[in-house]
Amino acid sequence: MAEVKLKNITKKYGDVVAVQNMNLTIPHNEFLVLVGPSGCGKSTTLRMIAGLEEITGGEIFIGDQIVNEKDPKDRNVSMVFQNYALYPHMTVEENLGFSLKIAKVETKEIEKRVTDAVQILGLQDLKKRKPSQLSGGQRQRVAMGRAIVRRPDAFLFDEPLSNLDAKLRTQMRTEIKKLHQKLQTTIVYVTHDQVEAMTLADRIIIMKDGYIEQIGSPIEVFSKPTNVFVATFIGSPPMNIIDADIIKIENKFYFKIDNELMMPCLESKYDLIKDKKKIIIGIRSEDIVPQISPNYGSEFWNFNKKIDLSEPLGTETQLFFKLGAKEIISRMYNPRAVNVGEKLSFEINLNKVHLFDSISQKAL
Ligand SMILES: Nc1ncnc2c1ncn2[C@@H]1O[C@H](COP(=O)(O)OP(=O)(O)OP(=O)(O)O)[C@@H](O)[C@H]1O
Ligand SMILES: [Mg+2]
């Protein structure tokens, strides 16, 4: 049982600032997922918690103890990497028990913990095999087993599934979720995979350039992104982003997208935009709806556009066209063939439109 706490954590490699003044409390039993572009500091954050990387500034607490000066082995956290180097000459069982043996845990206790881990991970039939006789997913399970036997206060996962093929990833994702429910411990998990992040996380952290851009539940970061970066990072395809001028005609505000299109602004948003000249509009693909019979009412906006490209994906078809200078994507869920150059009517419910400041890029 332990809470993990990062207080003003900074990590510099020479001039490179990998993590910048990070503050974070991870409650016991939380499944926290870190995402962000390559090089944003995810692995560095995990490695500092694990004790594999010296901290330049700040404090890390595990439970109520500051662990800055503690060796990795004394922190009672277990890390699982993308490249789970198993010992090739040892069987699954031996691999599982090895770290306990090094730590001079009693043989009886080692046996018990290894048996538990084998059970939890369904490795019963494989325990006498060597790593070379296992599939990628099975090896990954052994790597998790090695973490489990140490009964850590927290698990740290650094892209543990990224070497597996798509099908196995999905399967292992479910297993990790079940594992978390079974073990009831804190997990900090780094991934590049959106679906993994959304499905596993209690909370997601979106990082950029060593900073936290947003922390929230999967639903929160998806539906209420705090800035353009998060809006376009979370969600696939990324949220459509359109630059527009704000104009006022007969006391009504509009977002002028190009010479033909003006999106009305909801009256409830007037206060947010009335002093601005420009705006960034964000609309998710699923909120730009191809519509045969439009809804009428002040919260709906309809327009016609020629389709530049259509990509049928089965359950949905993605329609590409331009709004202003930007290429954007609409998702159509009732599959029918759409020809390039065909003109379609689209509808946007203005309540679903995200507005961002044109300079700070922060959500309004
Ligand atoms: N040992 C090191 N020496 C110098 N710079 C480093 C070192 N390790 C990492 N960095 C730099 O620190 C920054 C953060 O690296 P980190 O490995 O944490 O990124 P990441 O978010 O895990 O990226 P990825 O998604 O590619 O794994 C990067 O700019 C990286 O180049
Ligand atoms: Mg990394």
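Values in this text are rule-based calculations from the coordinates and carry no lab data. On a predicted model such as this, the values are computed, not experimentally measured, just so you know. Cβ: placed from backbone, ideal geometry, glycine included. Neighbour counts: every protein chain shown.
Before moving on, here are some points about what is shown:
- Most fluctuating residue given options Ile110, Ile329, Ile212, as computed from a GNM of the chain linking Cα atoms under 10 Å: Ile110
- Karplus-based coupling profile of the stretch 37-42, in residue order and whole Hz: x, 3, x, 7, x, 5, with θ = phi - 60° in 6.51 cos²θ - 1.76 cosθ + 1.60 and x standing for Gly or Pro.
- The chain - charge dipole about Cα centre, Lys and Arg +1 at Cβ, Asp and Glu -1, debye rounded to 20: 700
- Straight-distance crosslink candidates among lysines, where the alpha carbon sits under 26 Å from Lys104 and sequence neighbours closer than 8 are dropped: Lys70, Lys73, Lys112, Lys127, Lys128, Lys130
- Relative contact order [Cα under 8 Å, 6+ residues apart], the stretch 81-236, whole percent: 19
- For Asp275 and Phe320, a Förster radius of 25 Å and the Cβ-Cβ distance give a FRET efficiency of 0.15, rounded to the nearest 0.05.
- Considering only Val195, Met263, Val19, the residue lying farthest towards the positive end of the dipole of the chain is Val195, judged by Cα position with unit charges set on Cβ.
- In straight-distance terms, cross-link reach from Lys322 covers every one of the aspartates and glutamates whose alpha-carbon lies under 20 Å from its own, apart from those fewer than eight places away in the same chain; here that gives Asp243, Asp245, Asp258, Glu260, Glu286, Asp287, Asp308, Glu311, Glu342, Glu347.
- Under the Debye formula (equal points on every Cα, no solvent term), log10 I(q)/I(0) of the chain at q = 0.06, 0.08 Å⁻¹: -0.32, -0.53
- One Cα centroid belongs to the stretch 75-112, the other to the stretch 139-173; the line between them spans 14 Å.
- At most 14 other Cβ within 10 Å, DSSP loop - chymotrypsin sites (Phe, Trp or Tyr not before Pro), the stretch 280-353: Tyr296, Tyr333
- Shape summary: the stretch 240-357 maps onto an equivalent ellipsoid whose semi-axes, from the alpha-carbon gyration tensor, are 26, 14, 12 Å in decreasing order.
- Inter-site label distance for Lys306 and Asp71 at 7 Å from Cα along Cβ, in nm: 7.1
- Backbone N under 18 Å from the Asp125 label point (7 Å along Cα→Cβ), restricted to the stretch 86-108: 92-93
- The chain: angle of helix 136-148 to the longest principal axis, Cα-based, in degrees nearest 10: 70
- Placing +1 on each Lys and Arg Cβ and -1 on each Asp and Glu Cβ, with no other charges, gives the stretch 261-364 a dipole about its Cα centre of roughly 300 debye.
- Residue among Ile288, Ile215, Ile102 with the largest mean-square fluctuation in a Gaussian network model of the chain, springs linking Cα atoms under 10 Å: Ile102
- Computed FRET value (nearest 0.05) for Lys352 with Lys108, which takes r as the C-beta separation and R₀ as 56 Å: 0.40
- Relative contact order [Cα under 8 Å, 6+ residues apart], the chain, whole percent: 15
- Only helices enter this figure: runs of n ≥ 4 DSSP H residues, each worth -39500 (n - 2.57), summed and divided by the residues of the chain, yield -7000 deg cm²/dmol at 222 nm to the nearest 500.
- Selected from Thr91, Thr315, Thr44 as most flexible by GNM, with the chain as the system and alpha-carbon contacts under 10 Å: Thr315
- Stretch gain in nm, segment Asn163-Tyr333, where the contour uses 0.36 nm per residue and the Cα spacing is subtracted: 58.0 nm
- For the stretch 81-126, the Kirkwood estimate of hydrodynamic radius, built from reciprocal distances between every pair of different alpha carbons, is 11.2 Å.
- Since only Val340, His180, Thr226 are under comparison, the one whose Cα sits farthest along the positive direction of the charge dipole of the chain, derived from C-beta charges on Lys, Arg, Asp and Glu, is His180.
- Cα long-axis angle, helix 166-183 against the chain (0 to 90 degrees, to the nearest 10): 60
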